[in-house]
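To start, the structure itself, in C-alpha cells.
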Amino acid sequence: MRHLSLQISLLEGKMVSSDKPNPVYDIRISTVAPGFISGHDAAQELSTMDLAMKLHYLRFVFYFPSPAFDGFTILNIKESMFNWLSHAYIPCGRFRRSDSGRPYIKCNDSGVRIIEAKCHLGLDEWLESRDDSRNTLLVPNNVIGPDFTFSPLVMIQLTKFKCGGTSVGMSWSHVLGDAFSAMGFIKLWAQAIVGHYPAQPLTMAQPQVHARNCQSLNPSPDPLSVKRVDPVGDLWSTSNTSKLETFSLCISTSELIRLQAKICREKGERKISPFECICVVIWQCVAKARQGLGPEAVTICRSDMRNRAKGIITNKSQTISLVKTDLSVAKSDPMELGLLIMNQAVDERMKIEETIERDDELPDFLIYGANLTFVDLSDVPFYEMEVRGQKPAYVNYAIDNIGDEGVVLVLPTPKNCPDGKMVSVTLPENQVVELKSTLKEDWCIA
Amino acid sequence: MLKFPKQSYDHLINHFYSIILILLIIIFGISIPAFQRTPFHLFNHLSFIHGLAFYLLAISILMFYFLNKPRTVYLLDFACFKPSPVLRVPFATAAEHGRIILASQPKSIAFQVKIFERSGLGEETCLPHPLHYLPPNPNMMDARDESHLVIFSAMDSLFRQTGLDPKDIDILIVNCSLFSPTPSISAMVVNKYKMRSNVKSFNLSGMGCSAGLISIDFAKNLLQVHPEAYAVVISTEIITPNSYMGKERSMLLPNCLFRMGGAAILLTNKRSQRKHAKYSLLHVIRTHKGSDEKSYRCVTQEEDKEGHVGIALNLDLMVIAANSLKANISTIGPLVLPLSEQLLFVFNLMGRKFLKLDLKPYIPDFKKAFDHFCIHAGGRAVIDELQKNLRLSPEHVEASRMALHRFGNTSSSSLWYELGYIEAKGRMKKGDRAWQIGFGSGFKCNSAVWKCNRDIEATKNGGAWDDCIHRYPVYEPDVVKL
C-alpha cells in the first residue's frame, strides 16, 4: 500500500498552517473507467510538442456552490463519468514505451483516479481566505511515475463542503494537451451529466511524421525558451532549487486602462494590449526585485487559434515565443519593453521540436519556468464549465512542476467579480515580498 | 476403414429393442397360420374370470405406474443478472488496483499479473461498487446492497419474461455461499415481493459453486411432494464481503476471477405448463468426494497469517476436479449414454480388470448423448481440463469460455449464463439435450441434464446477452499482455 498511503498522506499531511488541523478529511480513492469498451488497446502516438510539455501538470479547481451537486450522489456522479469516459478514452489510457524508448499511450481503458473528500468549512469561508496554497488541498498533486505503466494521466478530486458546495479538482498531465484541451475534456463531463454526448470521441491531433535529420557534427544549442534537465526516466517530475510561492492579484478593467495609459503615455494611442501591459509591468518589477540581475529573456505563451479545433486535445495550439533584450530591464522604458514583446517575440516551437527529434535519447525539457514565463489564458473557457445549469463561483488554475524562474498566468475573472483579469504569479519565495512592494510603489497594484 | 463397422455397430446396438420387437412381430406373423388350425381350442381354455382378472391386473399395474411415476419438472424460464456499465472493471484497472494494494509484495504482484494474463476474463466483467475503492473497505450494508441489486434485478426480469405473479410462488430456494445474513436472503426476497405466508422458503449457504445444481435437485424433490406448484430458485454469489485483503498467493486467485452475477429460475410440475416450458429436467446427479481427505481440503476458507480471511485453493485442484468428474460420469453414463457406448465401456472395463489386457481406459463419447455442454466457468484451467477429459470440440465449450470472458466466474450462476448464451445464439432446438456440470468445495461434482421442450428463438428480451451476443464468439489468445 506504499503508493496508496503515500497518496493519502500527501493529501492529508498538507497543512494550511502548522497549528491548524487539516480541513480536508474522509478521503476515499477509487477509479472510474469508460463504461463500454472504448480504447480497444489502440496505441496513441505522441507528437514532439507533447513530449516537450511532458514534465508539466495542470491543476484546476472548480468551486460550485450549493444547488449544483445537490441530490447528486456519488453513484450518480460515477454513472455520469462512466458514460462520459466512453467518449473520452485517450486520457484513460496508460503509458508504454515503444522499442525506441519513445513513450506512447495505450488506450486500455484503465480510467481516471477519483478521490472523494469532505471539508469542515463552508465554501464561502474557504474562498474568503484568499490563500492560494489552500487550493492544493482540493486537487490531486500526482505525477507520472515511478510506476510508469500504471500511473493515471488524469485525477479528479470531489470535495464536499459543509454548506453543500462542492469543488471539482482536476489534475491533468500536460503531455495530453494544453489548458484549452483540458477544458474541452472536462466540459464533456458536464454535458454527459445532462445526457448530451459528442458525435465523435475526443481525439488527439495526429502527429506528423518527422523526417529525422542526420545528427549534425556541431549540434546547435538548445532554444532559450527551454531548460534541459537531467534525464528523468520513468518519474516525470523535477525539483526546484528554491521553494516557490504563489499569489494572485485581481486587476480591474479600469486599472488596466490606467496601466496602458501609463505605459503608452507619449503615443496617446493604446497600442499595447492588456496582456502585454501586464507582462511589461511584472517583467520590470521582477527585474527591480532581483536588483538588476535579469531576467533578460522571458517566454510568452499564447493561444494559437488557427490550430485549434473542437473535440481535439493537442499541444500544438499554444505558441511558445521568446523575448530577449540586452538592455537593463529594470531601467528600460516600459513602452520599449511593450514593443519588444509585441514585435520581437520569436516563436520557438519549430526549434524545440527539432532539438528533441535530433537526439535519439529524446531529451527532457522544462518549458514553463525555464525563463520567467507569461501565459495568456484569458480566452480559456474556465467559467463555461456548467454543472446542471450552475457555473462555478470561482476557478483556480495552476501549472505544477515548473522551472525556477517562475510563471505568471493571466486568467479571466470570476463572473461575480468586476471585469478585468486575474493574475497569478509563482516565483521563488525570496522574490515575492520585493515584487509585491515594487508593484505597489511603481504601479499602485496591490 | 473402421468407420463403417463402427457405424453399423452403433445402429445395431442403439436400436436393439426396436430390432427385437420387429423380429418378434415377424415370428408371430409367421406362426399365426400355425394357430389358425385350432382357434376354438384356445378359447376353451380361457374362462371369463381369467380374462377379467388379467385385464384388471393390467389396468392396476398401469395405474400404479402412472401414480408413482416421478412428476416431470419443467423449467419455464430463467433470467440472469445483467450488470450496469457503471460496475465495469477493465482488465488494466483490475491489474492496476491489484498492484497498488499489493505494493509491498512484488512476488504476489507478479503472480497476480500472470493470473490476469491467462485468466480468460474479458474487458467487461463487473465488480460491486464498494470493491472499486483503494483499498476496498466493504461493510455489511454494502453486501446487502449488492444482494438487493443482483437478486431483485434477476427476479424482476424473470417476472417480466414469464408474467408470473409473486403470490403464485409456492417454493423459494436461494443459494448464496459466502454471505449469510439474518434475516436470510430468502426472507429478503419474500419481503420484497410480498409473497404468501405459506411459501416454503429455503436458504442454502456454504455449499460453494456447485450449489446451483443442489438447489435444482432440492426443488425437484420438493416438487414431487407438492403437486401443482411453482418453485423459484435463485443462484448467486455475493462477492462484496469476500474480497481478500491479504497477500497469500494461494488465496489471490478468487479476487482475480470472481465477478458479480446471479440467476433466477422458475420451475414447475404443473402439467398445464408443459407446452410453455423451455426445458424438462431429466436427471440430476450429485457426487460428493468429501470422504477423501485431499478432496475435502482442496478448497478452504481460512484466515491467513495476518488474519485476513480468504479462500485458499490447493495446487492439486485440477486433479481432484477430474477425479470427481469421473465419479459423476460413472453414475450419469448409464442414464444418458446410448447403449453402444455403454457396452464399449463395459467391454473395456472387463478387459482391463478381468482379462488383464493392456487397454487404455475407454472414455465414453458424451457428444453422442448431449447436444450442448455447460461447464462451470470456474476458470480457464477448469474448462481446458474438461474439454480434454470429455474429448469435446471447441464449439462444445464455446458457451463456457464466452460466459467466462463476458461475465467472469459468477460461481453458481455461471451455468445459467452459459445456457443463456446458447439460447441467445439460437442454437437450442426442440429435443436437444443439455448437460450442466458444476464443481464446488467439498469437493462436489454435480450435473443436471435438461431436454429442450420447444424451439427457442434468439429474441432480444432484455436478457444478459442481448447487447453483446453479436460480438461473440471472440478469439482469446492464450496470454493477453497488459
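The values are calculated or read from the model by the stated rules, or taken from the named source; none is laboratory data. Note that the structure is predicted; figures quoted are calculated from it, not measured. As a convention, Cβ positions derive from the backbone with ideal geometry for all residues, glycine included, and neighbour counts pool all protein chains shown. Heavy atoms of the whole protein, side chains included, go into the accessibility calculation; ligands, DNA and RNA do not. Shrake-Rupley method; radii C 1.70, N 1.55, O 1.52, S 1.80 Å.
Round to a whole angstrom and tell me the spacing of the C-alpha centers of the stretch B:395-420 and the stretch B:429-445.
12
Residues of the stretch B:73-471: accessible area per residue at 1.4 Å, in Å²?
Heavy-atom accessible area per residue stands at 39 Å².
Kindly list the residues of the stretch A:46-72 that lie in the label zone of residue A:194, defined by a backbone N under 15 Å from the point 7 Å along the Cα-to-C-beta vector.
A:68-69
Over chain A, with a Gaussian network built from C-alpha contacts below 10 Å, which listed residue (A:96, A:130, A:302) shows the highest mean-square fluctuation?
A:130
Would you mind working out the magnitude of the charge dipole of chain A relative to its Cα centre, with +1 at each Lys and Arg C-beta and -1 at each Asp and Glu C-beta, to the nearest 20 Debye?
Once rounded to the nearest 20, the dipole reads 700 debye.
Over chain A, with the other protein chains present, what is the accessible area per residue in square angstrom, probe 1.4 angstrom?
42
For residue A:304 and residue A:343, what is the calculated FRET efficiency with R₀ set at 25 Å and r taken between the beta-carbons, to the nearest 0.05?
0.90
For the pairs A:271/A:310; B:247/B:305; A:78/B:114, flag any whose C-alpha to C-alpha distance is greater than 21 Å.
Those over the limit are A:271/A:310; A:78/B:114.
So what is the relative contact order of the stretch B:73-471, in percent, for Cα pairs below 8 Å that sit 6 or more residues apart?
In percent, rounded to a whole number, it is 23.
Please work out whether the stretch B:73-471 counts as rounded, prolate or oblate from its C-alpha gyration tensor, where a ≥ b ≥ c are the square roots of the eigenvalues and a/c under 1.5 means rounded, while otherwise a/b larger than b/c means prolate and anything else oblate?
It is oblate, given that a/c is not under 1.5 and a/b is not larger than b/c.
For a Förster distance of 51 Å, can you work out the FRET efficiency between the beta-carbons of residue A:22 and residue A:98, rounded to the nearest 0.05?
Efficiency, from the Cβ-Cβ distance: 0.75.
So what does residue B:74 come to for accessible area, using a 1.4 Å probe and Å² rounded to 10?
Per-residue accessible area (residue B:74): approximately 20 Å².
Please compute the Kirkwood hydrodynamic radius of the protein assembly as shown from all pairs of different C-alpha atoms, in Å with one decimal.
The Cα-based Kirkwood calculation yields 32.8 Å.
Longer than 29 Å from Cα to Cα, which of B:82/B:200; A:160/B:107; B:220/B:430 are they? Say none if no pair is.
Table pairs above 29 Å Cα-Cα are A:160/B:107.
Can you give the extra length, in nm with one decimal, that the chain gains between residue B:50 and residue B:359 once fully stretched, where that is 0.36 nm per residue apart less the Cα-Cα distance?
Gain on extension, residue B:50 to residue B:359, equals 105.7 nm.
What order do B:374, A:444 take when sorted by accessible area (1.4 Å probe), most exposed first?
Correct descending sequence by accessible area is A:444, B:374.
Straight-line reach from residue B:388: which aspartates and glutamates have Cα under 15 Å away, leaving out those fewer than 8 places along the same chain?
B:365, B:398
Please report the spacing between the Cα centers of the stretch A:61-132 and the stretch A:406-430 in Å, no decimals.
24
I'd like the FRET efficiency for residue B:430 and residue B:156, computed as 1/(1 + (r/R0)^6) with the beta carbon distance as r and R0 of 35 Å, rounded to 0.05.
The pair residue B:430/residue B:156 has a calculated efficiency of 0.75.
How big is the accessible area of residue A:336 in square angstrom, nearest 10, if you roll a 1.4 angstrom probe over the protein chains?
Counting only protein heavy atoms, the figure is 110 Å².
Within 10 Å of each Cβ in A:25-34, how many Cβ atoms from other chains are there, averaged over the peptide?
Mean shielding count: 5.
Of all trypsin sites (Lys or Arg not before Pro) in the stretch B:183-254, which ones are in loop regions per DSSP and have a Cβ with at most 14 other Cβ atoms within 10 Å?
B:194, B:196
Lysines near residue B:194 by alpha-carbon distance under 21 Å, same-chain residues fewer than 8 away left out - which ones?
Reachable lysines: B:167.
Using a 1.4 Å probe and counting only protein heavy atoms, arrange B:19, B:216, B:311 so the residue with the most accessible area comes first.
B:19, B:311, B:216
Can you give the accessible area buried between chains A and B, summed over both chains, with a 1.4 Å probe, in Å² to the nearest 100?
2400
Summing -39500 (n - 2.57) over the DSSP H runs of n ≥ 4 in chain B and dividing by its residue number, what mean residue ellipticity at 222 nm do you reach, to the nearest 500 deg cm²/dmol?
-13500 deg cm²/dmol
Residue B:279's amide H: which non-local residues (gap 5+, or another chain) put their own amide H closer than 5 Å, with H modeled 1.01 Å from N in plane and none for Pro or chain starts?
B:75, B:453
Using a Gaussian network model of chain A whose springs link C-alpha atoms within less than 10 Å, name the residue from A:357, A:125, A:296 with the highest mean-square fluctuation.
A:125
Connecting C-alpha atoms closer than 10 Å in a GNM of chain A, tell me which of A:47, A:273, A:100 has the biggest fluctuation.
Residue with maximal mean-square fluctuation among A:47, A:273, A:100: A:100.
Quick one: how many Å² of residue B:343 are accessible to a 1.4 Å probe, rounded to 10?
50
Please work out whether the stretch A:85-187 counts as rounded, prolate or oblate from its C-alpha gyration tensor, where a ≥ b ≥ c are the square roots of the eigenvalues and a/c under 1.5 means rounded, while otherwise a/b larger than b/c means prolate and anything else oblate?
Because a/c hits 1.5 or more and a/b exceeds b/c, the stretch A:85-187 counts as prolate.
Sort the stretch B:63-144 into rounded, prolate or oblate with this rule: let a ≥ b ≥ c be the square roots of the eigenvalues of the Cα gyration tensor; rounded if a/c is under 1.5, and if a/c is not under 1.5, prolate when a/b is larger than b/c, oblate otherwise.
prolate
Using a simple spin-label model with points 7 Å from Cα along the Cα→Cβ vector, what separation in nm is obtained for residue A:386 and residue B:110?
Result for the modelled spin labels: 5.6 nm.
Could you name the lysines in cross-link range of residue A:351, using Cα to Cα under 22 Å and dropping any fewer than eight places away on the same chain?
A:54, A:227, A:316, A:324
In the stretch B:73-471, what percent of the accessible surface is made up of carbon and sulfur (1.4 Å probe, ligands and nucleic acids excluded)?
Roughly 55 percent, rounded to a whole number.
Heavy atoms only, probe 1.4 angstrom, no DNA, RNA or ligands counted: give me A:246, A:426 ranked by accessible area, highest first.
A:246, A:426
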